[in-house]
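Laboratory data are not the source of any read-out in this text; all were calculated from the coordinates shown. Please read all numbers here as calculations on a predicted model, not as lab measurements. Here Cβ is always computed from backbone atoms with ideal geometry, including for glycine, and neighbour counts include all displayed protein chains.
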Amino acid sequence: KGITLICGGGFHGKSTLLEALQVGIYNHIPGDGREFVAVDPNAVKIRAEDGRSVHLVDISPFINNLPFEKDTTRFNSEDASGSTSQAANIMEALEIGATTLLVDEDTCATNFMIRDRRMQQLVGKSRE
């Protein structure tokens with residue numbers, strides 16, 4: 001339980017490891033290498049999806065002030081931004097019972113991630 005960070009330089013295998021964890025939750029053929037990957041069966045990969053459709057998702061725990069006073073407690077969009085789509089993905093994952101969120105900063109909305117107070121403590125201003 002808690003937060004686990006996998007850190008390292010470019011091309012050191014962070015995304016490859018996350019991908020192995022992501023596909024490790026599915027059934028596999030013995031001998032395909034995934035038998036060495038142990039993952040929470042309720043893990044969900046979270047990412048930003050610019051342009052995705054979002055219908056009636058409460059993203060207010062993350063985002064409150066959208067242009068034109070758009071309601072974030074019942075957020076609706078046919079063309080969500082990276083931040084709003086990522087917030088919706090997290091809320092939808094929690095709604096279906098996800099207990100582990102797999103997050104790769106390469107596929108996330110940076111402006112969404114840095115809003116969190118804990119993330120600001122982990123990643124100082126000098127490291128943004």
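A few comments on the model shown:
- Axis angle, to the nearest 10 degrees, between helix 14-24 and the longest C-alpha principal axis of the chain: 80 degrees.
- Sites matching chymotrypsin sites (Phe, Trp or Tyr not before Pro) across segment 1-67 that sit in DSSP coil, with at most 13 neighbouring C-beta atoms within 10 Å: 11, 26
- In plain terms, the chain from residue 76 to residue 100 could stretch by 6.1 nm, reckoned as 0.36 nm per residue minus the Cα-Cα distance.
- Calculated log₁₀ intensity ratio I(q)/I(0) where the Debye formula runs over C-alpha points of the chain, q = 0.16, 0.22, 0.23 Å⁻¹: -0.90, -1.38, -1.43
- The fraction of Cα-Cα pairs per 5 angstrom bin, counted from 0 for segment 1-52, comes to 4, 15, 22, 23, 19, 12, 4, 1 percent, rounded to whole percents.
- Here is the list for segment 1-85: GluC sites (Glu not before Pro) lying in DSSP coil, each with at most 16 other C-beta atoms within 10 angstrom of its C-beta, are 78.
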